[in-house]
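The next block holds one structure in the form of structure tokens; read it before the comments.
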Amino acid sequence: MRTPLIIGNWKMHATISEARALATGVRDGAKRLGDVEVVLCPPFTALAAVSEVLAGGPVGLGAQNCHYESSGAHTGEISPTMLVDLGVRTVLLGHSERRRDQGETDDLINRKVRAGLAHGVTPVLCVGETDEERRQGLTFTTVEGQLRAGLAGVPAEAVAGIVLAYEPVWAIGTGVNATPIQAVEVHGYLRGLLSELASKEIAQGVRILYGGSVKPDNTDALIAQAEIDGALVGGASLNAQSFVAIVEHAARASGGLKGD
Ligand code: PEP
């Protein structure tokens with residue numbers, strides 16, 4: 001049994017005071033987590049404040065990116081060492097917005113994945129095809145290339161320490177989520193690749209999240225699929241009530257909310 005994981009990606013939203021309020025809302029609302037893991041990824045500027053809000057509780061702290069070196073002459077960058085210092089234990093890597101807007105390559109993402117693992121920060125490796133790639137029948141080719149490149153040089157045992165997120169680019173921020181069937185076929189394909197890259201046993205333990213327009217009203221159908229181990233949530237994570245509702249749906253699906 002893989003523990004479901006729900007991650008909120010706040011992207012470039014929330015000042016420090018807004019972040020405190022949002023994190024407090026999630027912390028207080030998600031008290032009856034049940035058997036679900038929850039992680040919030042605020043912008044870098046709010047990590048310290050959110051770390052304080054979440055301290056000692058079950059909701060984890062994540063970052064939206066990191067550099068692959070521990071320190072050095074990299075103006076404007078944030079290292080994994082700095083993230084660990086703030087209480088960060090999870091980092092999103094290879095998000096399609098960074099691949100597209102910052103030109104992040106598979107090679108760069110791979111370095112970051114290896115750096116995260118080396119520093120004890122769980123990399124959430126994001127993969128997904130564009131609309132055009134899906135139309136051309138290149139969905140599996142695209143995600144396979146991203147997965148193989150992202151995990152290049154990662155020893156088989158270390159693969160157990162990653163989380164994968166299947167995020168079709170056409171579903172991110174569009175309001176059009178992948179259907180459970182579409183998501184499951186890609187998740188199954190990715191798990192097959194993980195078996196090949198590591199082992200069947202390791203692949204069975206790796207959580208594969210779905211991301212792309214997840215909302216409270218579509219969570220049940222997605223999370224009911226054995227191959228979907230949770231969600232990476234963008235827009236709907238900016239409202240504590242809707243994010244907590246997603247967490248509650250996941251908790252019910254995994255055996256009930258505490259107190260139900
Ligand atoms: C995301 O950015 O990772 C994402 C899934 O966004 P949204 O939920 O808004 O589609």
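The values are calculated or read from the model by the stated rules, or taken from the named source; none is laboratory data. Keep in mind that this is a model prediction, so the values were computed, not measured. Here Cβ is always computed from backbone atoms with ideal geometry, including for glycine, and neighbour counts include all displayed protein chains. For the accessible areas, the whole protein counts, side chains as well, though only heavy atoms, and no ligand, DNA or RNA atoms are used. Shrake-Rupley method; radii C 1.70, N 1.55, O 1.52, S 1.80 Å.
Below, the figures for the structure above:
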| quantity | calculated |
| --- | --- |
| Some residue of segment 249-256 being part of a loop (DSSP other than H, G, I, E, B) and more than 25 Å from Val91 (Cβ to Cβ) | yes |
| Residues of segment 155-182 satisfying the condition of being more than 10 Å from the ligand (Cβ to nearest atom), part of a loop (DSSP other than H, G, I, E, B) and not small (Gly, Ala, Ser) | Pro155, Ile162, Thr179 |
| Residue tally, condition surrounded by fewer than 19 Cβ atoms within 10 Å (Cβ to Cβ) and near the ligand (Cβ under 10 Å from one of its atoms), over segment 207-233 | 1 |
| Residue match in segment 234-249 (condition: crowded, with 19+ Cβ neighbours inside 10 Å, closer than 23 Å to Phe140 by Cα and not hydrophobic (A, V, I, L, M, F, W, C)) | no |
| Residues of segment 100-131 classified as closer than 16 Å to Gly212 by Cβ, part of a helix (DSSP H, G or I) and out of contact with any helix residue (DSSP H, G or I) (no Cβ under 6 Å at 6 or more places or on another chain), total | 1 |
| Count - residues of segment 142-151 that are under 12 Å from Leu194 (Cα atoms) and open to solvent by 30 Å² or more (accessible area, probe 1.4 Å) | 2 |
| Unmet requirement for Glu37, which otherwise passes all of (1) of a type outside the set (A, V, I, L, M, F, W, C); (2) modelled with pLDDT of 95 or more; (3) touching a helix residue (DSSP H, G or I) at 6+ places or on another chain (Cβ under 6 Å) | (3) |
| Condition check for Glu185: surrounded by fewer than 19 Cβ atoms within 10 Å (Cβ to Cβ), closer than 23 Å to Ala224 by Cβ and more than 16 Å from the ligand (Cβ to nearest atom) | yes |
| Test: Lys11 is surrounded by 15 or more Cβ atoms within 10 Å (Cβ to Cβ), farther than 26 Å from Pro216 by Cβ and charged (D, E, K, R) | no |
| Qualifying residue in segment 67-85 (condition: assigned to a helix (DSSP H, G or I), open to solvent by 30 Å² or more (accessible area, probe 1.4 Å) and not β-branched (Val, Ile, Thr)) | yes |
| From the options Val244, Val214, residue that is closer than 27 Å to Val26 by Cα and either at pLDDT below 95 or touching a strand residue (DSSP E or B) at 6+ places or on another chain (Cβ under 6 Å) (or both) | Val214 |
